[in-house]
1. State the answer as a single residue: which of Ile32, Thr68, Asn78 lies farthest towards the positive end of the charge dipole of the stretch 23-82, with beta carbon charges of +1 for Lys and Arg and -1 for Asp and Glu, about the Cα centre.
2. If I compute solvent accessible area with a 1.4 Å probe over the protein chains, what percent of it on the stretch 114-199 is carbon and sulfur?
3. Report the FRET efficiency, 1/(1 + (r/R0)^6), for Asp141 and Asn71, where r is their Cβ-Cβ distance and R0 is 35 Å, rounded to 0.05.
4. With unit charges on the beta carbons (Lys and Arg positive, Asp and Glu negative) and the dipole taken about the Cα centre of the stretch 121-180, which residue among Val129, Gly157, Phe147 sits farthest to the positive side?
5. Cα centroids of the stretch 127-199 and the stretch 22-62: how far apart, whole angstrom?
6. List the residues, sorted by chain then number, that are 5 or more residues from Ile95 or on another chain and whose placed amide H is less than 5 Å from its amide H.
7. Cross-link candidates for Lys137: which aspartates and glutamates have Cα within less than 20 Å, leaving aside residues fewer than 8 places away along the same chain?
8. Using the Cα centre as the reference, give the magnitude of the dipole from point charges on the C-beta atoms of the chain (Lys, Arg: +1; Asp, Glu: -1; all else neutral), rounded to the nearest 20 debye.
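The values are calculated or read from the model by the stated rules, or taken from the named source; none is laboratory data. Just so it is clear, the model here is predicted, and its values are computed rather than measured. Here the Cβ positions follow ideal geometry from the backbone for every residue, glycine too, while neighbour counts run over all protein chains shown. Each accessible area value is taken on the protein alone, full model and side chains, heavy atoms only, with ligands, DNA and RNA left out. Shrake-Rupley method; radii C 1.70, N 1.55, O 1.52, S 1.80 Å.
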Amino acid sequence: MQLDCRNLECPEPVIRTKNAIEGLKDGEELEILVNSLAPRENISRFLKNQNQKFSLSDLANGETLIKTVKNGEISDVNLDEYSCEIVSKKPGKVIYLNEDRTGSGPVGETLLSKFLGAFMQVETKPYAVLLVNNAVKMTTDRGHVSFKVLKDLENAGVKILSCGSCLEAYRLVDKLAIGEITNAFEVSDLLSRFDTIKL
């Protein structure tokens, strides 16, 4: 099924997307065409919130094709959340880590652990810690010097998110002991909405 949501005012693209998906059977595909940033972001956020997998393809003339396959029931939504205004970056920060150390060698591991531990002392904690590449070893190896620090941050309300593809590549999915598995879309979404700290 194809849905043309070009040149529509928000939240109409989300309304039409919701109605179209509700009319599909599980496993049936929906293609949505948009030509501006706000509907693209709103539909993407709506699908993510509804646990619907989707892909984005940039076309000519600034258009985007969004493809999704229905998987499960669609819940009610608050349409006020899908206005045409692009949401500015939220207050707060996320920590982005692509290594399990800062610098090289054992000193780098200890240094990163101390930096992360320092965030326990600040009044405003980061919203999340994003771990990609071999940084996922920190959430799977209980003997890692930063394991306890990340656990303490999680207990303090900080989201600990490990890259699913990275866990699979290192064969560590079943070893995850802190936080949740995340994906490329969620990481990109958080990096676009929050100020980012890279250690």
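1. Projecting each Cα onto the dipole axis, the largest value belongs to Thr68.
2. Numbers: 2260 of 4600 Å².
Roughly 49 percent, rounded to a whole number.
3. Values: r = 33 Å, r/R0 = 0.95.
Calculated transfer efficiency: 0.60.
4. The one lying farthest along the dipole's positive direction is Phe147.
5. Each part's Cα centre sits 27 Å from the other's.
6. Those lying under 5 Å, H to H, from Ile95 are Ala128, Val129, Leu130, Ile197.
7. Cα-Cα hits under 20 Å: Glu99, Asp100, Glu109, Asp152, Glu154, Glu168, Asp174, Glu180, Glu186.
8. Working: 25 positive and 29 negative charges, 167 e Å.
Result for the chain is approximately 800 debye, rounded to the nearest 20.
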